[in-house]
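Q: Here's a structure for you.
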Amino acid sequence: MPHLAPAALVDHYLGISRLLAGQLDFRSAIRAVAAEVAHIIPHDHLDVCILMVDGNYHTAYETGMDTAWGDAASAPVVNSPIRSLLWGEVDYLLTDDAINDARFHFEGAFKRPIIEQSLRSRLHVPLKVQGKIIAALSCSSQTPGLYTKQDVGRARIIADLLAPYFFALRAAEQAQQSAIVEAEARAREEGLRQGALKLTEALEQERQRIGMDLHDQTLADLTRLSRRIDRLARAGELSSEVLEPVSRSLHHCMQDLRQIIEQAKPSVLQLFGLAQAIENHLDRSVRDSGMPIEWALVDESGGALDGLEPTVSVALFRIAQEAINNAVRHAQPMAITVRLRLEAGELAIEISDDGRGLARARGRIGGGIDNMKTRARLISAKFAIGPGDRNRGTTVAVLLPLEERRADLEPQPQAAIKEDPR
């Protein structure tokens, strides 16, 4: 170890104070003072381990060597090799060979950098503000037996210089994070409010559309049928030949009314579940289009759909319904695929087609997509729409985070592939 005169030590301590001024984040601060610290305590690796405000997690800012300690944004203190220091159980840690020192090797200890970087000599002292530990200063060297009790005293002086500055940086970072969280919460609340308003407007428009369909189509048809039957009854012409067109018109009227009811109330969803409802709508949409569209529904959700709340299921069904309708009506596809899967705690629904794509199918841009986005936002799901595989066609994706995932859920693929014979 170098033997420095007291005056030289004071100069290096003052140098640390000067270099801290103007540093606005932990990483730049520790790197700025590393050279001055090295004049006082030689090291191959230097880091400051910052305790988060809750005291249960910490993060490390390092220089000299990049290790896995610096990669972790937050790590449990209980797994730190220097937890005894961070918990205040010891005043300092000093070792000639950390690779073989049992204090650093307990069950669950995150000790990999010690072994991988061969950090043998280690010195650790706490950073305190008003008697409370906020961080730890760590000096490490690949040379065994390097540090002495004298270095512990010097490290404490360095820690005292760093402590108030790092405390201020931690307070500023915490305030910034709190402001971000508050801003995000306000934005989310406003987004939900705006989304609810848009959805209310869309539902009102849908209600008016259904009312107009019933008035202009179904009610008008029933009125004409009633008048025809009255005329036939008065004329006494009620033969089967005369009644056949009346029966046919009544059948068409019933079909129209059934379609309006199906659009207003997804009974298949209530009776058989989300996957079956989407498959049923996909099959009917392709069949009614009269186009030779091949379709497939692949269910890899492992039963996760069964546990959804009814309102969430309805919202997901409406999004899938709109995406399928858009693909059939506007994309001119050869194939449409719906995939349901459970992945990393999220339920994903993807509706893909190989049609014209968004850029050419201008009719697909508009209120329908806005409604899908709104429905997704109201159930806290992520929504995305863009080009499909190989930049071909369009893919609509909805990702719904699940609060719980049963351990016995193992997705089992179940594919249903059909082609309209026409």
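The values are calculated or read from the model by the stated rules, or taken from the named source; none is laboratory data. In this text the structure is predicted, and so the values were computed from the model without any measurement. For neighbour counting, all protein chains shown are included, and Cβ atoms are generated from backbone atoms with ideal geometry for every residue, glycine included. What goes into the accessible areas is simple: the full protein's heavy atoms, side chains included, and nothing from ligands, DNA or RNA. Shrake-Rupley method; radii C 1.70, N 1.55, O 1.52, S 1.80 Å.
Q: Would a scan of segment 206-214 turn up a residue that is small (Gly, Ala, Ser), at pLDDT 70 or above and open to solvent by less than 60 Å² (accessible area, probe 1.4 Å)?
A: No, segment 206-214 contains no residue that is small (Gly, Ala, Ser), at pLDDT 70 or above and open to solvent by less than 60 Å² (accessible area, probe 1.4 Å).
Q: Report yes if residue 98 is of a type in the set (A, V, I, L, M), exposed (fewer than 14 other Cβ atoms within 10 Å of the Cβ) and out of contact with any Ser or Thr (no Cβ under 6 Å at 6 or more places or on another chain), otherwise no.
A: Criteria not met by residue 98.
Q: Restricting to strands (runs of 3 or more DSSP E) lying wholly in segment 268-361: which have 2 or more residues that are charged (D, E, K, R), open to solvent by 40 Å² or more (accessible area, probe 1.4 Å) and more than 23 Å from residue 377 (Cβ to Cβ)?
A: By residue number, 294-300.
Q: Still on this structure, please answer the following. Scanning for something among the hydroxyl-bearing types (Ser, Thr, Tyr), surrounded by fewer than 18 Cβ atoms within 10 Å (Cβ to Cβ), modelled with pLDDT under 85 and under 44 Å from the mean Cα position of the chain (by Cα), does segment 13-23 turn up at least one residue?
A: Checked segment 13-23: at least one residue is among the hydroxyl-bearing types (Ser, Thr, Tyr), surrounded by fewer than 18 Cβ atoms within 10 Å (Cβ to Cβ), modelled with pLDDT under 85 and under 44 Å from the mean Cα position of the chain (by Cα).
Q: Take segment 234-267 and flag every residue that is open to solvent by less than 60 Å² (accessible area, probe 1.4 Å), among the aliphatic types (A, V, I, L, M) and at pLDDT below 70.
A: 242, 260, 264
Q: Restricting to segment 284-342, count the residues that are basic (Lys, Arg) and at pLDDT below 90.
A: The number of residues fulfilling the criteria is 4.
Q: Given the structure, is residue 376 at pLDDT 85 or above, open to solvent by less than 50 Å² (accessible area, probe 1.4 Å) and touching a helix residue (DSSP H, G or I) at 6+ places or on another chain (Cβ under 8 Å)?
A: yes
Q: To continue, here is another question. Output the number of residues of segment 36-83 satisfying the condition of being out of contact with any helix residue (DSSP H, G or I) (no Cβ under 8 Å at 6 or more places or on another chain), part of a helix (DSSP H, G or I) and under 17 Å from residue 112 (Cα atoms).
A: Total satisfying the criteria: 4.
Q: Anything in segment 149-186 that is open to solvent by 60 Å² or more (accessible area, probe 1.4 Å) and β-branched (Val, Ile, Thr)? List them, or say none.
A: 157, 180, 181
Q: How do the pairs read when you match residues in segment 36-58 that are under 26 Å from residue 78 (Cα atoms) with residues anywhere that are open to solvent by 40 Å² or more (accessible area, probe 1.4 Å) and in a strand (DSSP E or B), using Cβ under 8 Å and keeping only pairs 6 or more apart or on different chains?
A: Going by the 8 Å Cβ cut-off, the qualifying pairs are 51/57; 56/76; 57/76.
Q: Here's something else I'd like to know. Quick check on residue 196: is it open to solvent by less than 80 Å² (accessible area, probe 1.4 Å), hydrophobic (A, V, I, L, M, F, W, C) and modelled with pLDDT of 70 or more?
A: No, not satisfied.
Q: Follow-up. Within segment 120-139, can one find any residue that is over 30 Å from residue 21 (Cβ atoms) and touching a helix residue (DSSP H, G or I) at 6+ places or on another chain (Cβ under 8 Å)?
A: yes
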